[in-house]
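**Q** Quick one: structure below, then a few questions.
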Amino acid sequence: MEIIRRDQVPALAMPGVTSHQLLWPENSPSARVTITRVVVDPGGVNVRHRHAASEQTWVALRGAGILLLANDETVPFSAGDIARFAEGDVHGFQNTGNEPFEYIAVTAPPIDFRNAYGSPKAAR
């Protein structure tokens with residue numbers, strides 16, 4: 001069994017997006033998943049990207065906006081919705097609402113997202 005304490009959860013940030021690394025290679029020996037809580041500020045964008053060797057599932061917890069998919073396709077996505085992206089699927093998100101958008105991302109196999117966000121800042 002393993003417990004990860006709040007002070008072991010770093011936050012990675014870029015303008016408009018903060019990613020809380022709940023379970024990732026630096027705080028867990030898990031070889032199966034990375035779990036992240038992502039907050040996208042109003043007007044914020046998690047740009048289109050893909051994961052070549054991992055699938056990812058997003059569970060929207062609060063707020064609303066649009067998924068940014070391949071070929072400039074967009075799809076509404078809001079609290080209560082779930083999206084699964086297979087390996088290589090292009091995906092991103094734009095918060096078009098007036099409140100922060102929050103989702104949980106489960107990624108398998110694990111990914112270290114440090115390169116996408118830069119250095120971790122103190123967890124909030």
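**Q** For Leu22, only one of the following conditions fails: (1) under 20 Å from Val90 (Cα atoms); (2) modelled with pLDDT of 95 or more. What is its number?
**A** (1)
**Q** While we're on this one: Please work out which residue is nearest to Asp112 (Cα to Cα), limiting yourself to the stretch 32-53 and to residues that are in contact (Cβ under 8 Å) with a residue 60 or more places away in the chain and surrounded by fewer than 15 Cβ atoms within 10 Å (Cβ to Cβ).
**A** Taking the candidates together, the pick is Arg32.
**Q** Could you look through the stretch 49-65, keep only residues that are assigned to a strand (DSSP E or B) and within 13 Å of the chain's Cα centre (by Cα), and pick out the one that is farthest from Gln94 (Cα to Cα)?
**A** Applying the first criterion (assigned to a strand (DSSP E or B)) to the stretch 49-65 yields 49, 55-62, 64-65.
Remaining after also requiring within 13 Å of the chain's Cα centre (by Cα): 49, 55-61.
Details: His49: 13, Glu55: 20, Gln56: 17, Thr57: 17, Trp58: 14, Val59: 15, Ala60: 13, Leu61: 15 Å.
Among them, the one singled out is Glu55.
**Q** Separate question: Taking the condition surrounded by 14 or more Cβ atoms within 10 Å (Cβ to Cβ) and assigned to a strand (DSSP E or B), does His20 pass? Spell out the reasoning first.
**A** Details: surrounded by 14 or more Cβ atoms within 10 Å (Cβ to Cβ): yes; assigned to a strand (DSSP E or B): yes.
Answer is yes for this residue.
**Q** If the requirement is being free of Cβ contacts under 8 Å to residues at least 40 places away in the same chain and within 16 Å of the chain's Cα centre (by Cα), which of these qualifies: Pro15, Pro29, Pro25, Pro10? Please lay out each step first, then the result.
**A** On the way: Pro29 fails: within 16 Å of the chain's Cα centre (by Cα); Pro25 fails: free of Cβ contacts under 8 Å to residues at least 40 places away in the same chain; Pro10 fails: free of Cβ contacts under 8 Å to residues at least 40 places away in the same chain.
Criteria check complete, one pass: Pro15.
The values are calculated or read from the model by the stated rules, or taken from the named source; none is laboratory data. Note that the structure is predicted; figures quoted are calculated from it, not measured. Virtual Cβ from ideal backbone geometry, glycine too; neighbours counted across all protein chains shown.
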